[in-house]
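Engineer: The structure under discussion is supplied below as structure tokens; questions concerning it will follow.
We did not get these values from a lab; they are worked out from the coordinates using the rules stated. The structure displayed is predicted, hence computed values, not measured ones. Heads up, the Cβs are rebuilt from the backbone with ideal geometry, glycines too, and the neighbour counts pull from every protein chain shown.
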Amino acid sequence: MAQNIVEYPEALGRMKKIVAHIQEGTGPETVWLLEHPSVYTLGTSSVKSDLLNPGDTPVFETGRGGKITYHGPGQRVGYVMLNLKSREPDLRRYIWTLEELLIRVLAEFTVKAERRSGRIGLWVVNTNQQEEKIAAIGVRIEKWVTYHGFALNVAPNLECFKGIIPCGLKDFGVTSLEKLGIKSPLREIDGALKKHFFELF
């Protein structure tokens with residue numbers, strides 16, 4: 001399902017309910033595509049020094065893995081709630097498959113996204129031969145049911161990333177499809193996500 005802007009606390013509460021139903025066998029697996037209002041979220045590995053200047057942007061602690069990141073309008077957030085017991089109970093394989101999903105989606109928009117050893121997420125090389133992050137991944141698994149997921153920078157306000165050290169990586173920048181000169185409505189991104197999701201999962 002896809003929705004417009006959803007407040008972060010509301011999304012977190014709904015995710016937890018969906019996950020509980022999947023664990024109990026009383027609800028379906030779900031992929032939820034949405035946007036958030038501007039918000040900084042802290043993963044379980046976050047350190048306070050990575051929060052530089054939040055200003056008026058709300059900050060939330062969350063149970064996902066990883067460090068601090070930004071969510072906001074123009075960014076496609078995907079929350080993936082799957083029962084890995086009925087698939088492949090392998091966390092590394094699951095994260096690899098999420099990365100592969102985004103690599104295939106971005107390839108449809110002529111963007112070559114790549115993995116980097118030791119850095120979860122996806123990276124592109126800009127015209128100055130510098131690596132910039134275009135998608136973040138942060139997940140949590142409870143009783144082999146996944147939640148949280150990925151954030152793909154379509155056309156967010158990249159200035160908002162300056163309030164933090166994104167994912168704790170101070171030596172790398174952040175980019176988006178818009179910054180790369182590609183204007184793609186979220187509905188086109190969603191179509192590619194759905195297509196490749198069913199290929200991979």
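Engineer: Count the lysine pairs in the chain whose Cα atoms sit under 13 Å apart, keeping only pairs 8 or more residues apart in sequence or on different chains. Provide the component values of the computation, followed by the final result.
Structural biologist: Numbers: K16/K143; K48/K67; K67/K170; K85/K143; K112/K133; K133/K170; K133/K179; K162/K170.
Within the chain, the lysine pair count is 8.
Engineer: Over the chain, what is the relative contact order in whole percent, taking alpha-carbon pairs under 8 Å and six or more residues apart?
Structural biologist: Numbers: 381 pairs, mean separation 46.1, N = 201.
Over the chain, the number comes to 23 percent.
Engineer: Here is a follow-up. Once amide H atoms are built 1.01 Å from N in the peptide plane, which residues 5 or more positions from G27, or in another chain, come under 5 Å H to H?
Structural biologist: Under 5 Å from the amide H of G27: I22.
Engineer: Sort V6, V174 so the one with the fewest other Cβ atoms within 10 Å of its own Cβ comes first.
Structural biologist: On the way: V6 17, V174 21.
Taking fewest neighbouring Cβ atoms as first place, the list is V6, V174.
Engineer: Taking the Cα centre of the chain as the origin, how large is its charge dipole in debye, to the nearest 20, when only Lys and Arg (+1) and Asp and Glu (-1) carry charge on their Cβ atoms?
Structural biologist: Numbers: 26 positive and 23 negative charges, 69 e Å.
Using Cβ point charges on Lys, Arg, Asp and Glu, the chain gives about 340 debye.
Engineer: Moving to a separate point now. Quick check on the chain: helices-only [θ] at 222 nm, where DSSP H runs of length 4 and up contribute -39,500 (n - 2.57) each and the sum goes over total residues. Nearest 500, please.
Structural biologist: On the way: 3 runs with 49 residues, N = 201.
Result for the chain: -8000 deg cm²/dmol, rounded to the nearest 500.
Engineer: In region 38-89, what trypsin sites (Lys or Arg not before Pro) fall in a loop by DSSP, with at most 15 other Cβ atoms inside 10 Å?
Structural biologist: Details: sites: K48, R64, K67, R76, K85, R87; in loops: R64, K67, R87.
Filter output for region 38-89: R87.
Engineer: Check each of the trypsin sites (Lys or Arg not before Pro) in region 120-165 and keep only those in coil by DSSP with at most 13 other C-beta atoms within 10 angstrom; list them in order. Don't skip to the answer; put the middle values down first.
Structural biologist: On the way: sites: K133, R140, K143, K162; in loops: K143.
Answer in residue order: K143.
Engineer: Across bins of 5 angstrom width beginning at 0, how are the C-alpha pair distances of region 2-200 distributed, in whole percent?
Structural biologist: 1, 7, 17, 21, 22, 17, 10, 4, 1, 0, 0
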